[in-house]
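Below: the structure, in structure tokens.
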Amino acid sequence: MDTVLAGIEVVDTPLVHDAIELARSASEPYLFNHAMRSWLFGVLVAEGARPAPDPELLAVSGILHDLGLTDGYSAQERFEVDGANAARAFLKERGIPAHHIQVVWDAIALHTTRSIALHKEPEVAMTHSGIAVDVIGAGLDRIPQDKVRAILVEFPRLLMKKQFSGAPLRRGSPETSHQL
Amino acid sequence: MVRQKPATSYDNLLGDIGMRYVAGYTAPTFADFLENAPFAE
């Protein structure tokens, strides 16, 4: 089941819909938009990739990857792990098989660790790649400008640089910010 | 390893070793990447 979002054909299932609603309800608008753009950039990065990522797992991973930065899901661990744990609970409630849950957990837990994520499963690698496009512009030049514009119109950045540079300061404990 | 493959030291413990013990060692920061991202805001 597919639909079109920002001009891009994406998977449309109850699981993806629930993930979107979870991210929307948990996140500040700028963070929700970042999650959605990251997913869409990940879809574009994955075009033609072999092996191809599972589109539903790629969607859930991208959409939920920053739950650990939200008030509702920030817990005691580094934010990537808090987010991965929250996504695992979300998927377990919905009866998703354990090996699929593990892929999503890894994708979220490793989304800031480029040097490892790029060597893992396609879902993990392309979740990272989509996020990297949106946050630091890595690979942006390989995406057609009209597609970039459509994504930015559908999900505006809402001062993301400023917002994002402040988010880690607003919550969390310092001891989780310098783990190796 | 820090001297031979510095790019592999930026997000693990080797970076700390480089900062303290390798003359001239520098590592890019996420804050710089974020600020320099090719988006207006």
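Each value in this text was obtained by applying a stated rule to the coordinates, not by laboratory testing. Since the structure is predicted, the reported quantities are computational estimates derived from the model, not experimental observations. Cβ sites come from the backbone with ideal geometry, for glycine too, and all protein chains shown count toward neighbours.
Key figures for this structure:
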| read-out | value |
| --- | --- |
| Under-5 Å amide H pairs with A:L5, H placed in peptide plane, nonlocal only | A:V10 |
| Distance from segment A:92-116 to segment A:1-44 (C-alpha centre basis), Å | 17 |
| Cβ neighbours within 10 Å from other chains - mean over B:8-15 | 2 |
| With 10 Å bins from 0: P(r) over segment A:65-167, alpha-carbon pairs, percent | 15, 39, 36, 11, 0 |
| For B:28-41, mean number of other protein chain Cβ atoms within 10 Å | 5 |
| Order by protection proxy (mean Cβ within 10 Å, highest first), peptides A:29-35, A:111-117, B:18-24 | A:29-35, A:111-117, B:18-24 |
| As computed over chain B, the Cα convex hull volume per residue (Å³) | 78 |
| Gyration tensor (Cα) of segment A:9-138, equivalent ellipsoid semi-axes in angstrom | 19, 16, 15 |
| Cα-based Rg of the protein assembly as shown normalised by 2.2 N^0.38 Å, two decimals | 1.01 |
| Inter-chain shielding of A:118-130 (mean C-beta neighbours from other protein chains, 10 Å cut-off) | 0 |
